[in-house]
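Working notes for the structure below.
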Amino acid sequence: MKIIFRVNYQTSTEQSLWLRYSTVLDAVGVRFDHVVPMHWLNAQQWETQVTLCGTGCFRMEYHYQLRQKNGAVLDEWLAPSGIEVDLAAQDALLLQDTWRSAGTVDYAFETNPFLAMQPQREFFHELGAVPEANHRFTLRMAAVPQGLVPCLIGSVSELGDWGWHSAVPLEETARNVWQKNLYLPAEWHIEYKYGLYDPALNCVVSLELGENRQLPARVAGEVQQTWVSDECYRREAASLFHGAGVAVPVFSLRSEKSLGVGDFADLKPLADWAQGVGLKLIQILPINDTTSAYDWTDSYPYSAVSVFALHPLYLRLDDLKYAMPASFKLELYAERERLNALPEVDYVAVMKVKRRLSRQVFDKNRGWILASAAFKSFLEAQGEWLIPYAVFCVKRDEMGTADFTKWGEWAVYDREQALALTDPHHPAWPDVAYHCWLQSELDLQLTEAVAHLHERGLALKGDLPIGIDRQSVEAWSAPHLFKMGAQAGAPPDAFAVKGQNWGFPTYDWEVMQGDGFAWWRSRFGQLSRYFDAYRIDHILGFFRIWQVPIEQVEGIMGYFDPALPITVDEFRERGIPFDFNRFCQPYLTAEILRAHLGEIDLASLAPYVEQTGENRYQLREAVATQRRILEHFASRTDADSLKQGLLDCVSEVLFFEVPGSHGTQFHPRCSLQATRSFQALPLDIQAKVDALYVDYFFRRQEDFWQARGLETLPAMRRASSMLLCGEDLGMVPACVPGVLRELGILSLEIQRMPKLAGVEFFDPALAPYLSVVSPSTHDMATLRSWWTEDSEVAARFASQMLGLSTHEPELSPDLAARIIWQHLHSPAMWAIFPLQDLWAMDETLRNPQPEAERINVPAIMPYYWRYRMHVSLETLAAEAGFNEKLARLIQSSGR
């Protein structure tokens with residue numbers, strides 16, 4: 001028997017398609033795996049043939065694979081297709097398929113947000129048998145309008161001769177899979193389309209867009225069966241789903257029942273308000289436990305001590321179903337009154353209160369808690385991560401530090417040693433059990449809040465931090481997965497001119513890939529317990545990460561990893577006289593020293609700088625790196641300007657040597673053109689170095705980074721049914737948009753952070769469908785605050801984006817509403833707004849102090865994340881004027 005595989009896919013000159021298939025013969029029960037190249041058939045199709053011998057029932061699983069010249073490999077979306085045939089029943093089968101791309105909108109519609117927002121069909125048909133059928137059509141289509149079904153209509157009588165009352169309805173044989181067996185004249189060239197059919201009217205009500213689909217004529221008798229598999233019902237843009245959402249950190253929520261900080265239970269009244277105004281999604285910041293130093297620096301939500309554990313900060317003590325004495329309630333009420341009176345979150349005070357009172361609850365009810373079926377079930381189901389986390393917490397508190405390298409015999413994680421603490425007779429068990437119990441209660445409160453959102457037709461979108469804390473459970477228990485000698489960060493941009501150093505160890509992708517990214521799959525599995533969608537923080541890190549050596553501090557001292565370095569031969573080939581000391585060591589002259597350290601007597605710098613030649617200086621060993629400088633000045637509070645000046649001296653370099661390359665490979669320092677070292681070069685050498693810089697950052701890496709993205713991101717996409725949204729801001733490689741499109745990962749489009757060079761502001765009307773548009777992020781000033789930062793920039797925005805010839809000194813509610821309106825009318829799937837930007841539309845509801853609405857300033861590290869709503873959720877729900885205005889805007893946009 002011959003099987004012809006023909007797939008619709010338009011490739012470029014450096015791409016090829018391959019067929020991967022596995023066969024099972026029931027007679028012998030043996031499985032065989034094969035990979036064969038396909039050949040180019042025409043501009044739209046590739047084809048190959050497989051000949052099978054034998055008799056009886058035959059099963060095959062197959063899928064197509066795209067290979068590129070740069071080494072990138074991409075399997076088509078979903079699990080391999082399966083077919084069953086009787087080898088004796090026919091001589092030839094034609095499988096006319098369409099490449100299954102995760103970027104098809106129907107696969108986005110199969111993700112969790114749409115399960116939460118839209119009613120789901122539960123009844124599926126078994127595909128009806130048609131004895132004389134020689135064709136099987138399969139269409140994958142999600143989000144079919146209520147009361148309609150997809151149908152086939154075409155150029156032959158069996159397909160209705162294009163008659164809208166004679167179309168052939170399809171049957172849903174599995175969720176979003178629509179099929180039909182038909183007899184069609186094989187010798188005819190057939191044109192067809194899919195449409196939407198109303199069974200009540202017995203008529204087609206609409207047809208898909210685009211040209212007719214083609215089914216070429218086959219030679220009579222050559223192929224007995226043709227199975228057509230089509231992807232992507234071609235919908236009108238107006239018929240696609242468009243939703244609006246609100247972004248607010250959980251810790252920023254304020255209600256009458258909260259305790260100085262928002263908690264998981266506050267998501268319920270937020271959802272009630274959101275549903276009332278027509279919003280369909282709530283987006284929050286990371287909610288994992290960040291308890292490390294027990295001070296305000298723990299407020300940083302992207303530096304979790306566990307990527308699995310929830311933060312005890314978000315526990316609502318009132319909702320714990322345990323009997324407590326009246327004195328407990330009096331203390332709770334008193335603390336609520338005190339902490340809720342504060343305009344911002346007092347992180348340390350809140351954590352002290354919640355830790356103290358939750359421990360009272362646990363100690364009073366410990367026997368009942370530990371014996372309960374609910375606690376035992378949670379411990380058994382989540383023990384793989386829960387026990388290491390609980391032991392980590394106990395040792396952190398016992399040792400007085402989260403730096404596990406200082407824990408003596410506990411410095412290196414030992415699973416059996418950790419498990420020993422879970423013995424009910426071990427003296428540490430009550431403390432371990434307390435942390436396990438906290439997680440069970442947090443899990444219960446969050447899942448109840450999520451269920452409430454779903455009852456209101458809302459989806460919950462979380463946030464996945466790019467890194468892990470250096471002093472975390474994961475770094476302690478699985479250090480082999482990370483490069484502990486490196487620090488993750490971000491290159492310089494308009495918001496942080498010296499770059500960012502987050503301090504996180506970077507991932508060892510080669511090790512992670514060895515077990516199929518098991519750690520990531522577990523992480524996504526845990527996220528999907530709560531979230532319908534999530535934002536991948538700094539998704540560019542899955543292509544390459546900005547890596548800062550451990551001996552440096554500022555992000556500007558980093559480079560991309562992985563990256564194709566510059567070789568020493570390239571300098572010579574470009575006519576650049578390479579000198580290691582001149583290019584790779586800080587270039588310091590008297591003029592440069594004074595520029596960084598002020599007009600001071602150079603002799604006074606002798607403890608830090610030594611002269612090496614005529615007007616040439618170098619930093620002494622004690623301050624030769626930025627890390628050493630910080631350590632040197634750690635106990636001094638009177639030398640900040642001197643310290644910063646020395647840090648700037650360290651960064652007066654042009655290239656970084658690749659570790660272990662022995663002076664043969666290099667990475668250019670980002671923004672090297674701004675250094676005085678570069679400006680001191682002869683003009684002709686400046687031009688040549690600049691050309692090498694441009695080649696490194698904007699040309700040579702593209703294919704390499706594309707291949708890396710296609711190695712890592714598909715595993716993340718397949719790990720759950722959540723909708724993925726990438727935070728693809730900053731220095732974006734040209735390959736990134738294409739990879740995100742192919743994988744169906746939504747991009748992020750921010751009006752004040754355009755991705756095109758030479759464009760000052762992004763027009764939301766130009767956003768792709770698979771994207772999220774937003775006027776701001778938590779890392780930016782709010783609309784109102786930004787409007788007053790630079791009047792010239794704001795005036796240009798008013799002219800370019802709003803068509804205004806005059807500039808208002810403050811952002812009025814009407815102008816804010818126009819900006820919101822622009823985003824609501826964008827073609828993007830989602831328009832998500834920071835709550836503060838929505839409030840900007842209302843004169844009475846907006847905060848009198850715009851600067852108080854800022855959540856984070858990336859240039860300040862560490863930053864105190866303490867923003868809290870200035871009005872309560874109860875007050876927000878009662879603001880009829882604002883709520884009606886927002887509801888009208890959303891409704892008029894069709895979202």
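The values are calculated or read from the model by the stated rules, or taken from the named source; none is laboratory data. Every value quoted in this text rests on a predicted model; they were computed, and no experiment measured them. Heads up, the Cβs are rebuilt from the backbone with ideal geometry, glycines too, and the neighbour counts pull from every protein chain shown. We work out accessible area using only protein heavy atoms, side chains counted, and drop any ligands, DNA or RNA first. Shrake-Rupley method; radii C 1.70, N 1.55, O 1.52, S 1.80 Å.
Just the residues that are touching a residue at least 60 places away in the same chain (Cβ under 8 Å), of a type in the set (A, V, I, L, M, F, W, C) and surrounded by fewer than 22 Cβ atoms within 10 Å (Cβ to Cβ), please, taken from the range 309-343.
The answer is Leu320, Leu332, Leu339, Leu342.
Would you list the strands (runs of 3 or more DSSP E) that sit entirely within the range 162-210 and hold 2 or more residues that are among the acidic types (Asp, Glu)?
Details: elements: 171-174, 177-182, 190-198, 203-207.
Per the criteria, 171-174, 190-198.
Filter the range 723-745 for residues that are of a type outside the set (Asp, Glu) and touching a Pro at 6+ places or on another chain (Cβ under 8 Å); which is nearest to Ile832 (Cα to Cα)?
The residue in question is Leu723.
Contact list please: Cβ distance under 8 Å, first residue in the range 260-277 and outside any loop (DSSP other than H, G, I, E, B), second residue open to solvent by less than 10 Å² (accessible area, probe 1.4 Å) and of a type in the set (Lys, Arg), pairs at least six apart or on different chains.
Nothing qualifies.
Across the range 533-592, what is the total count of residues that are aliphatic (A, V, I, L, M), farther than 30 Å from Gly738 by Cα and assigned to a loop (DSSP other than H, G, I, E, B)?
Result for the range 533-592: 3.
Please count how many residues of the range 822-852 are modelled with pLDDT of 95 or more and acidic (Asp, Glu).
2
Which one of these does Glu851 not meet: (1) open to solvent by 10 Å² or more (accessible area, probe 1.4 Å); (2) closer than 13 Å to Leu783 by Cα; (3) part of a loop (DSSP other than H, G, I, E, B); (4) not small (Gly, Ala, Ser)?
(3) is the only condition that Glu851 fails.
For the range 870-895, which residues satisfy the criterion of being surrounded by 15 or more Cβ atoms within 10 Å (Cβ to Cβ), touching a Leu at 6+ places or on another chain (Cβ under 9 Å) and under 20 Å from Ile820 (Cα atoms)?
Leu876, Glu879, Phe882, Asn883, Leu886, Leu889, Ile890, Ser893, Arg895
Run down Gly503, Gly525 and say which single residue is open to solvent by less than 40 Å² (accessible area, probe 1.4 Å), assigned to a helix (DSSP H, G or I) and more than 13 Å from Thr712 (Cβ to Cβ). Steps first, please.
Details: Gly503 fails: assigned to a helix (DSSP H, G or I).
Within the list Gly503, Gly525, the selection yields Gly525.
For Gly147, are the conditions met, namely being touching a residue at least 40 places away in the same chain (Cβ under 8 Å), crowded, with 18+ Cβ neighbours inside 10 Å and out of contact with any helix residue (DSSP H, G or I) (no Cβ under 8 Å at 6 or more places or on another chain)?
no
Quick check, is Ser306 hydroxyl-bearing (Ser, Thr, Tyr), more than 26 Å from Thr875 (Cα to Cα) and in a loop (DSSP other than H, G, I, E, B)? Please lay out each step first, then the result.
Working: hydroxyl-bearing (Ser, Thr, Tyr): yes; more than 26 Å from Thr875 (Cα to Cα): yes; in a loop (DSSP other than H, G, I, E, B): yes.
Against the criterion (hydroxyl-bearing (Ser, Thr, Tyr), more than 26 Å from Thr875 (Cα to Cα) and in a loop (DSSP other than H, G, I, E, B)), Ser306 qualifies.
From the list Glu843, Glu851, which residue is touching a Pro at 6+ places or on another chain (Cβ under 7 Å) and either of a type in the set (D, E, K, R) or without any contact (Cβ under 8 Å) to a residue 24 or more places away in the chain (or both)? Even if it seems obvious, please write down each step before you answer.
Numbers: Glu851 fails: touching a Pro at 6+ places or on another chain (Cβ under 7 Å).
The unique qualifying residue is Glu843.
Could you tell me which of the residues Gly467, Gly489, Gly462 is open to solvent by less than 20 Å² (accessible area, probe 1.4 Å), modelled with pLDDT under 95 and part of a strand (DSSP E or B)? I'd like the intermediate steps shown before the answer.
Numbers: Gly467 fails: part of a strand (DSSP E or B); Gly462 fails: modelled with pLDDT under 95.
Residue meeting the stated conditions: Gly489.
Name the pairs whose Cβ atoms lie under 6 Å apart, with the first residue in the range 351-365 and touching a residue at least 12 places away in the same chain (Cβ under 8 Å), the second exposed (fewer than 15 other Cβ atoms within 10 Å of the Cβ), and 6 or more positions between them or separate chains?
If the second residue must be exposed (fewer than 15 other Cβ atoms within 10 Å of the Cβ), the pairs left are Val361/Tyr322; Asn365/Tyr322.
Take the residues of the range 470-486 that are in a loop (DSSP other than H, G, I, E, B) and free of Cβ contacts under 8 Å to residues at least 40 places away in the same chain: which is farthest from the chain's Cα centre (by Cα)?
Met484
A quick yes/no check of all residues on (1) part of a loop (DSSP other than H, G, I, E, B); (2) among the polar types (S, T, N, Q); (3) farther than 22 Å from Lys755 by Cα:
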residue: Ile685; (1), (2), (3): no, no, yes
residue: Asp690; (1), (2), (3): no, no, no
residue: Val694; (1), (2), (3): no, no, no
residue: Arg700; (1), (2), (3): yes, no, no
residue: Phe704; (1), (2), (3): no, no, no
residue: Ala707; (1), (2), (3): no, no, no
residue: Pro714; (1), (2), (3): no, no, yes
residue: Cys725; (1), (2), (3): no, no, no
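Please go through the range 372-417 and pick out each residue that is within 12 Å of Ser472 (Cα to Cα) and open to solvent by 70 Å² or more (accessible area, probe 1.4 Å).
The answer is Thr405, and nothing else.
In the range 592-618, how many residues are without any contact (Cβ under 8 Å) to a residue 40 or more places away in the chain and either closer than 20 Å to His662 by Cβ or surrounded by fewer than 16 Cβ atoms within 10 Å (Cβ to Cβ) (or both)?
The number of residues fulfilling the criteria is 16.
Based on what the data block shows, is Ala79 at pLDDT 80 or above and surrounded by 13 or more Cβ atoms within 10 Å (Cβ to Cβ)?
Spelling it out, it is not the case that Ala79 is at pLDDT 80 or above and surrounded by 13 or more Cβ atoms within 10 Å (Cβ to Cβ).
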